[in-house]
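K.L.:
Dropping the structure in here first, questions after.
Every number in this text was worked out from the coordinates using simple rules, so none of it is lab data. Small disclaimer: the values here were computed from a predicted structure and weren't measured. All Cβ positions, glycine included, derive from the backbone under ideal geometry; neighbour counts span all protein chains shown.
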Amino acid sequence: MCKQILLASVGVIAMTGAAFAADLAPLPPPLPVFTWSGVYLGGQIGYAWGKDNVSWSGTANDLDLAGGKFGEGPQGAIGGAHLGWNIQPNHWFVFGIEASVDGTSLRKTVAVPLADFVGDTFGSMTASSNAGVQGSVRGRLGIAFDRLLLYGTGGVAITSFNTSYFDTTGFFTGVPGTNTTISNTRAGITFGGGVEYAVTDNWSVQAEYRYSKFGHTTDYPFANPNNNVLVPGGYFVAQHYLNESQVQVGFSYRFDMMVPPPPPPAVPPVQPVVTK
């Protein structure tokens, strides 16, 4: 009888020890969770179209002109590179900052009819506009659904653009065929939104729309370079109001962040066995 009791006790102790050892075994590490945090670098390409409403006034050969308006809508390809930094503090929200630079082929040429106050037409002038390099620095705020990111963006944009004026019949300068080009650089606001998807832990693709507003500029073409005044015989003043829309697709490579490994799980101290 005592032998059976002893064997049963040994079995119970062995089972308890095995269960206790299982409790002390470290848990397997959790599966890695994708994060948008990190510095990224990439490129983009797309299409842009501008809207440049021009108001003009002046005189031609000392004859009063009624002035008027004409529109230039430059459009073309746009593409470049971007650099950014994202922070994802929790499961949902992502915020960061991004800088981009683009080259463009935006261009448009229009003919401007010239007339006096009674509507008599004296001739025409050609105006041609084109945009060069553009850049922006923007904040980004998004909502992450694991590898899918929906975001809004907004900040400051800067653009350079040129406008060439061609005095076809010489009404402003007195010399037919006179032309001049005026270059402007304007800063404005830009805002929009997009969607980005992480194909791998480091590579992602995106599509984005932005609207930029660059305010107005005033051109005084056909100025005399010697004394910086308008040439005798006439003058021409043009005010531009430039806006732009763009749609681009792109890719980004996100550099891995140096995240310290999590601490090992705490192991409860082994309690000494007290025998009575």
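K.L.:
Work from the charge dipole of segment 42-254 (Cβ charges, +1 for Lys and Arg, -1 for Asp and Glu, about the Cα centre) and give the residue of Tyr151, Thr126, Gly215 farthest towards its positive end.
P.N.:
Result: Tyr151.
K.L.:
Here is a further query. How many nm separate the modelled label positions at Arg107 and Ser124, each set 7 Å beyond the Cα in the direction of the Cβ?
P.N.:
That separation, rounded to one decimal, is 1.9 nm.
K.L.:
Within segment 37-53, name every residue whose backbone N is under 12 Å away from a label modeled 7 Å from Cα of Lys69 along the Cβ vector.
P.N.:
Counting backbone N atoms under 12 Å from the label point, the list is 52-53.
K.L.:
What is the spin-label model distance, in nm, from Val175 to Lys213 if the labels are put 7 Å beyond Cα along the C-beta direction?
P.N.:
4.1 nm
K.L.:
Around Lys51, under 11 Å between beta carbons, what's the net of Lys plus Arg minus Asp minus Glu among the other residues?
P.N.:
-1
K.L.:
Need one word for segment 42-254: rounded, prolate or oblate. Basis is the Cα gyration tensor (sqrt eigenvalues a ≥ b ≥ c); a/c below 1.5 gives rounded, then a/b vs b/c decides. Working shown, then result.
P.N.:
Working: a/c = 3.36, a/b = 3.26, b/c = 1.03.
It comes out prolate by the Cα gyration axes.
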